[in-house]
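A.B. asks: I have a structure I would like to understand better, so I am pasting it below and will then ask my questions one at a time.
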Amino acid sequence: MTRSHIASLRTAVLRFRRERIGVYRGLFIKRAVQLPLRAATRRLSKAVRRDPTLIAFGAVRDRFADNPAYLFLSMSAQTDVRCVWITGSRQLAQRLRTSGYNASYRWSLEGVRVAVRASFHVYGFALSDVHLWFSDGATTFNLWHGVGVKRVQRDRLGPWTKMYAPPERSLTARIFADDRRAPDWLLTTSPATTDYFTGPFAISRERCVEVGYPRNDHLVRRAAPPAMLFDSKVHAELAAAPFVIGYFPTWRYDSLSGLPDGAPDLSDIAAVVAAQGGVVLFKSHFGAATPIVEDRSSLVILPSEADLNAYLGLCDVLITDYSSVAADFLLLDRPIITLAPDLEDDLAQDRFAVDPLLYQPGTLVRTTSHLFQLLSDIRSIPREPNFGSLREHYWGRPTGESSELVGAFIKAQIAGAHAAVPKTSGTS
């Protein structure tokens with residue numbers, strides 16, 4: 001069986017699980033089967049003495065991306081701590097080791113040893129990013145992966161209420177104990193985002209480290225991203241283009257589709273952009289399938305597991321829907337198009353924590369004809385007048401030093417200094 005056949009089979013299985021079984025039901029079955037063994041590893045993990053100088057990092061879906069990857073690269077240069085990337089991908093672990101970084105396959109003896117001994121588990125989505133089975137006893141630091149208009153964690157409605165609403169001693173609470181567990185520390189980006197995240201993450205303001213995102217430091221500084229996070233050939237191709245339109249839709253909940261219902265074909269968007277000498281850069285959310293496109297002229301498609309922020313600085317215009325990438329792109333002060341043909345459906349299902357018409361940056365576009373009208377003269381697409389206020393709302397006054405601040409905070413905690421939780425300059 002070829003790699004393409006294996007990939008097609010994997011996509012078919014994921015689509016069946018996502019669209020037929022559902023995310024919640026699939027997770028319930030998985031957690032229920034794991035429950036007896038998980039209870040045993042929880043006791044074992046708590047009993048092991050941790051190494052204060054050892055820090056374990058990981059990212060969702062075994063990617064090398066997002067806030068954990070940027071922080072890992074920054075802290076790996078320091079000699080007073082040992083940073084190890086934990087992943088379920090043998091290929092990624094080998095690539096990092098070849099590049100001179102400490103990395104271990106999650107289920108190797110070394111991977112288990114690091115997870116059991118590390119004083120900190122630093123992740124961007126869930127405990128399983130590093131090692132769910134041996135996270136108990138470590139200090140957990142959730143760097144999260146975006147700010148914006150969508151409900152997250154305990155604030156999500158629908159089937160997710162079944163996960164978080166049951167009382168602590170119920171069977172459902174026991175099955176989802178790891179999912180319901182609050183992190184010891186949570187990374188936030190501004191007073192407004194801290195106010196919101198305390199509820200969904202069941203965490204106090206005192207446990208929020210409000211210094212911005214490491215993945216955006218290079219955007220704030222207008223600097224190149226770390227070389228480990230992008231494909232140099234693709235990066236050079238995009239850098240040479242007269243202009244680049246980035247199209248990055250968000251996760252579609254119980255759908256594996258990479259595009260919202262009602263969105264035009266990627267090849268049609270690329271044709272409009274190509275007529276003006278530009279290139280379209282597309283990436284599916286890491287939890288979605290990449291659309292099949294026959295005509296890829298003037299269209300660059302990133303792997304869904306790629307680190308998006310490493311390419312954001314190359315984009316002259318952003319197209320998205322409700323993705324947190326829009327908030328990140330505000331830091332570049334460039335035009336944004338909010339393509340939302342399925343807005344009514346998401347409003348009806350109450351998927352937003354705030355009014356998306358007020359807090360999602362960009363020019364709202366509901367139809368293909370309106371999108372193509374805007375794209376017909378790309379250089380005249382405006383920046384909306386609320387960009388400044390939304391940038392303050394989501395980021396306060398970013399310094400471009402989030403990695404340094406988070407790293408210093410972790411080391412202060414390890415040293416037992418009990419230093420005050422740092423905040424970005426200009427926030428309160």
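The numbers here are math on the coordinates, done by the rules we state, and not lab data. Only a predicted model underlies this, so the values are computations on that prediction, with no experimental measurement involved. Here the Cβ positions follow ideal geometry from the backbone for every residue, glycine too, while neighbour counts run over all protein chains shown.
A.B. asks: At 7 Å along Cα-to-Cβ for each site, give me the label-to-label distance between HIS370 and ALA415 in nm.
C.D. replies: It works out to 5.4 nm between the two label points.
A.B. asks: Sort out the exposed loop GluC sites (Glu not before Pro) in the chain (DSSP loop, at most 11 other Cβ within 10 Å) and tell me the longest stretch that has none.
C.D. replies: So the longest stretch without any such site is 1-167.
A.B. asks: If you project the alpha carbons of the chain onto the principal axes, what extent comes out on each, in Å, largest first?
C.D. replies: That works out to 63, 46, 44 Å along the principal axes.
A.B. asks: Something else: Taking R0 as 56 Å, what's the FRET efficiency between ASP261 and ARG221 from their Cβ-Cβ distance, rounded to 0.05? Intermediate values should be presented prior to the final figure.
C.D. replies: On the way: r = 38 Å, r/R0 = 0.68.
Taking R0 as 56 Å, the efficiency between ASP261 and ARG221 is 0.90.
A.B. asks: When the gyration tensor of region 225-395 is built from Cα positions, what are the square roots of 5 times its three eigenvalues, in whole Å, from largest to smallest?
C.D. replies: Those come to 23, 18, 17 Å.
A.B. asks: Then there's this: In a shell of Cβ-Cβ distance under 15 Å around ARG117, excluding ARG117 itself, what net charge do Lys and Arg (+1) and Asp and Glu (-1) give?
C.D. replies: Local net charge: +3.
A.B. asks: Please give the charge dipole size of the chain, origin at the Cα centre, charges +1 on K and R Cβ atoms and -1 on D and E Cβ atoms. Round to the nearest 20 debye.
C.D. replies: On the way: 51 positive and 42 negative charges, 417 e Å.
In debye, rounded to 20, the chain gives about 2000.
A.B. asks: Now, a different point. Where in the chain is the longest stretch that carries no trypsin sites (Lys or Arg not before Pro) classed as loop by DSSP and with at most 11 other Cβ atoms within 10 Å?
C.D. replies: Between exposed loop sites, the widest span is 223-428.
A.B. asks: What ranking of HIS285, HIS370 emerges when the number of other C-beta atoms within 10 Å of each C-beta is taken as an exposure proxy, fewest first?
C.D. replies: With the fewest neighbours first, HIS285, HIS370 line up as HIS370, HIS285.
A.B. asks: Let me ask something additional. Can you compute the label reach from ALA348? Point 7 Å from Cα along the Cβ direction, backbone N cut-off under 14 Å, restricted to region 240-261.
C.D. replies: Label zone hits: 261.
A.B. asks: Still on this structure, please answer the following. By DSSP, what percent of the beta bridges with both residues in the chain are antiparallel, rounded to the nearest 5? Could you put the intermediate results ahead of the total?
C.D. replies: On the way: 1 of 38 bridges.
Bridges in the chain are about 5 percent antiparallel.
A.B. asks: For the charge dipole of the chain, defined by +1 on Lys and Arg C-beta atoms and -1 on Asp and Glu C-beta atoms about the Cα centroid, which residue among GLN153, SER369, THR338 has the Cα displaced farthest towards the positive pole?
C.D. replies: Result: GLN153, furthest along the dipole toward the positive end.
A.B. asks: Assign one of three labels to region 226-320, namely rounded, prolate or oblate, based on the Cα gyration tensor with a ≥ b ≥ c the square roots of its eigenvalues; rounded applies when a/c is under 1.5, prolate when it is not and a/b is larger than b/c, and oblate otherwise. List each step's numbers first, then the result.
C.D. replies: On the way: a/c = 1.93, a/b = 1.16, b/c = 1.66.
Judged from the Cα gyration tensor, region 226-320 comes out oblate (a/c at least 1.5, b/c at or above a/b).
A.B. asks: Taking every eigenvalue of the Cα gyration tensor of region 175-280, multiplying by 5 and rooting it, what semi-axes result, largest first, whole Å?
C.D. replies: Listed largest to smallest, the semi-axes of region 175-280 are 36, 22, 13 Å.
A.B. asks: Sticking with this one: Go through VAL234, VAL272, ILE301 and say which Cα lies farthest out towards the positive end of the charge dipole of region 225-395; charges sit on Cβ, +1 for Lys and Arg, -1 for Asp and Glu.
C.D. replies: VAL234
A.B. asks: Can you give the extra length, in nm with one decimal, that the chain gains between GLU168 and THR53 once fully stretched, where that is 0.36 nm per residue apart less the Cα-Cα distance?
C.D. replies: So the extension gain works out to 38.0 nm.
A.B. asks: Another question, if that's okay. Once you place label points 7 Å from the Cα toward the Cβ at ALA182 and LEU357, how far apart are they in nm?
C.D. replies: Taking the simple label geometry, ALA182 and LEU357 are separated by 3.5 nm.
A.B. asks: Another question, if that's okay. Rounded to the nearest 500, what is the 222 nm mean residue ellipticity of the chain from helices alone, with -39500 (n - 2.57) per DSSP H run of 4+ residues and division by all residues? Walk me through the numbers before you get to the answer.
C.D. replies: Working: 19 runs with 160 residues, N = 428.
Theoretical 222 nm ellipticity from helices: -10500 deg cm²/dmol.
A.B. asks: Placing +1 at every Lys and Arg Cβ and -1 at every Asp and Glu Cβ, with all other atoms neutral, what dipole size does region 225-395 have around its Cα centre, in debye to the nearest 20?
C.D. replies: Rounded to the nearest 20 debye, it is 480 debye.
A.B. asks: Suppose we look only past 17 Å in the calculated P(r) of region 36-92. What percent of the Cα-Cα pairs does that tail hold?
C.D. replies: On the way: 851 of 1596 pairs.
It works out to 53 percent of all Cα pairs.
A.B. asks: For LYS46 and GLU206, what is the calculated FRET efficiency with R₀ set at 22 Å and r taken between the beta-carbons, to the nearest 0.05?
C.D. replies: After rounding, the FRET efficiency stands at 0.40.
A.B. asks: Using square roots of five times the C-alpha gyration tensor eigenvalues, list the equivalent-ellipsoid semi-axes of region 71-110 in whole Å, biggest first.
C.D. replies: 18, 11, 8
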